[in-house]
Amino acid sequence: NDPIDIEAKKRGNSFYFPDRVIPMLPKEISNDICSLIPNEERACVIVEINIKNFKVMSFNIHRAKIISIARLTYSKVDEIHKSNLKNDRLFSLIKNLFNSYKVLKKISENREKINFSTSEFEIIDQSDKDFYLKKKKRLQSYGLIEEFMILANENVARFLKRNKLNTIFRNHEKPKNEKIKELKNVLTQNNIYNNESFNYQKDFNKILKIIEENNFFLNESLLRTQSKAYYSEKNIGHFGLGLDFYTHFTSPIRRYSDLHVHRDLMNFFFDGKKNKQEPNLYEHLTLQEKKSDHMERKILERACSLYLKNQKQKHFVGVIDGIEKFGIFIRAIDLPFSCLVRNKYRGFNDNKFLEKKFRIGQVVTFKIKKNDVMSGKILADNVKIISGKI
């Protein structure tokens, strides 16, 4: 409750933009005192988890001081691992990390963690006024870090719940019946529905495998079926990850929820002290997270709109991912933008005409008709069906 903590709580999390970061904590803390700068001694908390036969056998926490020996990028880690660079001084450490990753990945597969595959784009600056959009590579090191973080978050949550602490949990509920019904209709139209209930993670993984093997563009449809994750004082578990216990613990510098959980864990583990609940904190942190996601998405949309305006290309390939009375929504495949094609047959009382002609998941070509850079909204026309897959 000092001024720095009050401001961090107000922000809720760090905000990431293409050209800058608005940190939750002052840069002196987030970029120096609490940052793992190579060859500098830093205080830390070690979560020690012993695994045997793909099961967690023990869990312990230590305070320690460490010296980081290198600041690595995801691509550098992948390069050392894939190229088998045995002469690299970090090779043995990275090899051990990937061996551990294999175990953690197997544990995730055993509990049917849902593995959505989505395309992410980044804005690459070439000069002050020139930029382009690049699709991020899917690196193994992303999955490695993800599995280690999930392991820590799950076991910290389990410990907090068992000891009945007043803390913050991260919940992700099962999909709503209405969303499941919509998904079943989409899959039926594409001839890949086989009476799955979608009350279990394995049903989603089964369809995701069919989609991947047959190059269907329906990942977004499955993703939209999912409920939104949120913070709460109650632990419900995380449906997408297939876990009964979950929290956010691994990023206390950039998320206030994690900082709060650190305090709850440290105070109880080392001092036997139970912290009090803070009213309305959970709703506030969930709202700040949504705000951050919305801002990042809007910036990317407007950047893409500006990029398109400066390009001569007018025709694109995309996937139909929504059909409404007023028109169809198309998501471009090679760039991060969606557009609306208005229904020319507005005299109809419903969208049956559009549903007869188009279906969600179809691959189409289209032409940009209107591009509003200020809003990032794009209108299109001249839609031509290619197929349901590529």
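The values are calculated or read from the model by the stated rules, or taken from the named source; none is laboratory data. All values derive from a computational prediction rather than experimental measurement. Every residue, glycine as well, gets a Cβ built from its backbone with ideal geometry; the counts of neighbours run over all protein chains shown. Only protein heavy atoms, including side chains, enter the accessible area calculation; ligands, DNA and RNA are left aside. Shrake-Rupley method; radii C 1.70, N 1.55, O 1.52, S 1.80 Å.
Please compute the modelled spin-label separation between E7 and D293, points set 7 Å along Cα→Cβ, answer in nm with one decimal.
Roughly 2.8 nm, to one decimal.
Pick out, in residue order, every one of the trypsin sites (Lys or Arg not before Pro) in the stretch 1-75 that is DSSP loop and has at most 13 other C-beta atoms within 10 Å; say none if there are none. Mind dumping the intermediate values first?
Numbers: sites: K9, K10, R11, R20, K27, R42, K52, K55, R63, K65, R71; in loops: R71.
When the trypsin sites (Lys or Arg not before Pro) of the stretch 1-75 are filtered for loop state and at most 13 Cβ neighbours within 10 Å, R71 remain.
If I histogram all Cα-Cα distances within the chain using bins 20 Å wide from 0, what percent of pairs lands in each bin?
Spelled out per bin, shortest first, that is 22, 54, 23, 1.
Could you tell me, in Å, what Rg and Dmax come out for the Cα atoms of the stretch 111-234?
18.5, 55
Could you tell me how far the Cα centroid of the stretch 11-35 sits from the Cα centroid of the stretch 154-217, in Å?
32 Å
Please label the shape of the stretch 194-306 as rounded, prolate or oblate, based on the square roots a ≥ b ≥ c of the eigenvalues of the alpha-carbon gyration tensor (a/c under 1.5 means rounded; beyond that, a/b larger than b/c means prolate, else oblate).
Values: a/c = 2.83, a/b = 1.51, b/c = 1.87.
In terms of gyration-tensor shape, oblate.
Compute, for L72, the solvent-accessible surface of its heavy atoms (probe 1.4 Å) with the complete set of protein chains present, and express it in square angstrom to the nearest 10.
Ignoring ligands and nucleic acids, L72 comes out at about 70 Å².
About the Cα centre, and with charges only on the beta carbon of Lys, Arg (+1) and Asp, Glu (-1), how big is the dipole of the chain? Nearest 20 debye, please. Write out the running numbers ahead of the final one.
Working: 72 positive and 48 negative charges, 219 e Å.
Dipole magnitude for the chain comes out near 1060 debye.
Multiply the residue separation of I46 and F121 by 0.36 nm, subtract the distance between their alpha-carbon atoms, and state the gained length in nm to one decimal.
Values: separation 75, 0.36 × 75 = 27.00 nm, distance 3.33 nm.
Contour length minus the Cα-Cα distance gives 23.7 nm.
Mind checking the full-extension length gain between S83 and V21? Use 0.36 nm per residue of separation minus the Cα-Cα distance, one decimal, nm.
Values: separation 62, 0.36 × 62 = 22.32 nm, distance 3.29 nm.
Extra length from S83 to V21 when fully extended: 19.0 nm.
Assuming R0 = 30 Å, can you tell me the calculated FRET efficiency for the pair K95 and D334, based on Cβ-Cβ distance, to the nearest 0.05?
Working: r = 36 Å, r/R0 = 1.19.
E(calc), rounded to 0.05, equals 0.25.
Have a look at the stretch 1-62 and give its Rg and Dmax from the Cα atoms, expressed in angstrom.
Both quantities, over Cα of the stretch 1-62: 16.8, 48 Å.
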